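K.L.:
Before anything else, here's the structure in question.
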Amino acid sequence: MPKYFGTDGFRGESNVSLTINHAYKIGRFLGWYYSKDRGPHCSKILVGKDTRLSCYMLEYALLAGIAASGCDAYNMHVTTTPSVSYITRTQFFDCGIMISASHNPYYENGIKLFSSLGEKMNDSFLDMVEEYMERDTLKDDIPLATRDRIGKVIDYMDARIMYSGFLTTCVNTPLSSLHILLDTANGASYNLAPTVFKRLGANVDVINNTPDGTNINKNAGSTHIEGLQKIMREGKYDVAFAFDGDSDRCIAVDKTGAVINGDRIMYIYASYLKDQGELDTNTVVTTVMSNMGLYKALERKGIDYVQTKVGDRFVHEYMIEHNNIIGGEQSGHIIMSKYLNTGDGILTSLVLSEIMVKTGKTLLELSQDMRDYPQYLVNVVISDKDAVMSDDDIKRKIDEVKLSLGDKGRVLVRPSGTEPVIRVMSEAEKQKDAENAVERIVQELRDKGYFKGVRK
């Protein structure tokens, strides 16, 4: 099991579990790996960051490590995760690095690695990075570059303009009929998102667009949607879009204040493509956390669906293997492979806006055939997650509960990848049935002595 890298990069509290030493060693390994078999300065690595305070020190450590190992480092400065993916792929970088902890609070940070194709690095490569990170620095066998083989650090802010231009080409319809509110979470999209919408003619207002290093995601963005809902109920705007800190997520709010989450976004987009005869493979790729209401709505529309493990990385891997064009997560990671191979909150909001203009309908109207099933989730604190998941009595109880719900509900029990927690979730036609299903499993955890408490 990886020590540092999870499904979405290396995450940790800055200067506690994620330090400049970690960043420097990652830079050292990547710089060496991509330059070791090439001539001087012909290898290049792209680096971007979001707006959190600790990004600067991690950025400089990464840049130093890359250059010290003999690779050129191109610095995009504050930018979005999908922009790093796009520029890495289209401008022929050996790899890309994004410094961000996505929707997490400012005191946490992360390092995401992208291949030359703009895809998240595979496990075999990350294993090599981790193996190097575990070595004693005093016994480091990766050589430092010398003389003319030392790498350069190159300012590459022009890439942000390049990416902004790309986004404007993804929409062919003027958005001048829409009055749009954006919540940029005091994150990486604070300047980029309104710029793109204005270029396309939209009447745009922005909130949470004054980052100070510590206010990223603070009561703002896609994980704190309540503020947008309140504003939208005032009736001034046609639609609102909220992004997270690195702008790979988007959650929308309809003019009525109704939340349009990732499941509803996938339904709207897939249905629109279906109606246009453009839904190649006729399939939506979801994770196990998508709501049953989405699946029932897709069935009525004649659209197939599949489920992957939680994580947009797994969604993307399945999409690539099976040539699917739409997939995502309930949380707002939406992958539209016609344009990009990663989730992009700004792109998602642009496409939804265009669909609204072309159809003359609101987002709530476009998703009216989807009814969310009531959901109940309990995060149970567990000392030994592996023991729980292999316990035959727990398995039997889960099967028993599933059988009782039949095709009118479902149960999902899965260990957290980052916490000592087992997530017990149920959906049913009635809220009380969902709650009862979860409580039966939680009680079994109590009876078996696994239960240590509940985490919000």
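Taken together, the values in this text are just the output of simple stated rules run on the coordinates, not laboratory data. Just so you know, these numbers come straight off a predicted model, no measurement behind them. Cβ placement follows ideal geometry from the backbone for every residue including glycine, while neighbour counts extend to all protein chains displayed.
K.L.:
Taking N as the number of residues in the range 5-157, what is its alpha-carbon radius of gyration divided by 2.2 N^0.38 Å? Provide the component values of the computation, followed by the final result.
P.N.:
On the way: Rg = 14.0 Å, N = 153, 2.2 N^0.38 = 14.9 Å.
Ratio of Rg to 2.2 N^0.38 Å for the range 5-157: 0.94.
K.L.:
How large, in Å, is the range 375-455 by the Kirkwood hydrodynamic radius built from its alpha-carbon pairs?
P.N.:
Working: mean 1/r = 0.0803 Å⁻¹.
The Cα-based Kirkwood calculation yields 12.5 Å.
K.L.:
Please check the chain for the longest run free of chymotrypsin sites (Phe, Trp or Tyr not before Pro) that are loop-located per DSSP (anything but H, G, I, E, B) and have at most 15 other Cβ atoms within 10 Å. Spell out each step's value before the answer.
P.N.:
Numbers: sites that count: Phe92, Tyr107.
Within the chain, the longest run free of exposed chymotrypsin sites (Phe, Trp or Tyr not before Pro) spans 108-456.
K.L.:
Which lysines have a Cα less than 16 Å from the Cα of Lys338, not counting those fewer than 8 places away in the same chain?
P.N.:
Excluding near neighbours in sequence, the set is Lys274.
K.L.:
In terms of the Cα gyration tensor, with a ≥ b ≥ c the square roots of its eigenvalues, is the chain rounded because a/c is under 1.5, prolate because a/b exceeds b/c, or oblate?
P.N.:
On the way: a/c = 1.86, a/b = 1.21, b/c = 1.54.
Taking the square roots of the gyration eigenvalues as a ≥ b ≥ c, the chain is oblate.
K.L.:
When Lys255, Lys230 are ordered from fewest to most other Cβ atoms inside 10 Å of their Cβ, what list results? Don't jump to the answer; show the numbers that get you there.
P.N.:
Values: Lys255 18, Lys230 11.
Fewest-to-most ranking of Lys255, Lys230: Lys230, Lys255.
K.L.:
Right, something else. Greater than 19 Å separation of Cα atoms is the criterion. Which listed pairs, Lys44/Lys112; Lys25/Lys385; Lys3/Lys385; Lys397/Lys430, meet it? Walk me through the intermediate numbers first.
P.N.:
On the way: Lys44/Lys112 17 Å; Lys25/Lys385 31 Å; Lys3/Lys385 16 Å; Lys397/Lys430 21 Å.
Table pairs above 19 Å Cα-Cα are Lys25/Lys385; Lys397/Lys430.
K.L.:
Between Lys452 and Lys309, how high is the FRET efficiency from 1/(1 + (r/R0)^6) when r is the Cβ-Cβ distance and R₀ = 30 Å? Nearest 0.05. If you can, show how the numbers build up before the last one.
P.N.:
Working: r = 25 Å, r/R0 = 0.83.
Once rounded, the FRET efficiency stands at 0.75.
K.L.:
Straight-line reach from Lys218: which lysines fall under 21 Å, measuring Cα to Cα and dropping same-chain residues less than 8 apart?
P.N.:
Lys49, Lys230, Lys456
K.L.:
Right, here's the next one. Averaged across orientations, what area in nm² does the convex hull of the alpha carbons in the range 250-330 project?
P.N.:
Details: hull surface 21.2 nm².
If you wrap the Cα atoms of the range 250-330 in a convex hull and average its projections, you get 5.3 nm².
K.L.:
Taking the highest mean first, how do the peptides 258-265, 245-252 order by number of other beta carbon atoms within 10 angstrom per residue?
P.N.:
Working: 258-265: 23.8, 245-252: 31.4.
The packing order, highest mean first, is 245-252, 258-265.
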